[in-house]
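The values are calculated or read from the model by the stated rules, or taken from the named source; none is laboratory data. It should be emphasised that the depicted structure is a prediction, and the values quoted were computed from it without experimental measurement. Here the Cβ is made from the backbone with ideal geometry for all residues, glycine too, and neighbour counts use every protein chain on show.
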Amino acid sequence: MPRRTDIAADEPRSTVRPLNDSMLATYQSLTVLARRFAVIEVHLLSFVKNDANFDKGVGSSAKHTLLIFTYLALFFYLSAVVGGHILMYGSGELPVRPPQERGMVRQGLPDSGTSDPDGVKRTSVLVMWHWVFSFIAGTVSLITQVLLYVWLEETNSVRITVSIITVFVILPLVYLIPLPSASGKRPSTIGS
């Protein structure tokens with residue numbers, strides 16, 4: 001008859017596996033999306049660098065600002081792609097190496113012991129937050145450059161309409177703003 005501790009030890013692994021699978025699916029899909037946005041930014045970069053795409057009245061400082069936001073979005077999305085691949089590699093789902101037990105040798109190097117019992121590396125949390133920040137910052141930069149281009153090239157009715165739509169699009173990011181709690185102990189986000 002199996003001991004209760006043996007059954008209890010297996011339960012967390014069977015519970016955590018679906019969570020790990022869903023996180024891996026999130027890493028994979030958002031990494032593909034970040035790659036596509038990076039390609040879009042390369043095309044936008046070639047568009048912004050061509051002076052023929054702007055009216056003669058557009059100042060060089062406005063074009064320079066648009067160019068800066070284009071580079072920002074490009075590098076933030078590239079960072080999100082790299083971070084997503086690192087997270088997938090840490091999950092053991094890239095074909096480079098399979099996940100291994102603690103203490104085993106990986107490619108000639110001893111395991112550093114930085115994993116918890118479920119195989120999640122402690123550094124993965126830092127990489128995950130960097131990945132999330134890069135993706136959101138790239139998206140904000142992309143929205144900003146589109147809004148800036150509209151304000152440089154379009155009529156007032158288009159400017160106002162796109163500005164209102166931009167406010168609506170950015171509203172979900174308000175969820176991420178930390179607010180002080182009523183007790184003054186720890187800041188919380190709006191959604192918690």
Report summary line: Within segment 51-86, residues acidic (Asp, Glu) and either within 14 Å of Leu142 (Cβ to Cβ) or part of a loop (DSSP other than H, G, I, E, B) (or both) come out as Asp55
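For segment 49-80, enumerate the residues that are β-branched (Val, Ile, Thr) and at pLDDT below 90.
We begin by selecting, within segment 49-80, every residue β-branched (Val, Ile, Thr); these are 58, 65, 68, 70.
Correct list: Val58 only.
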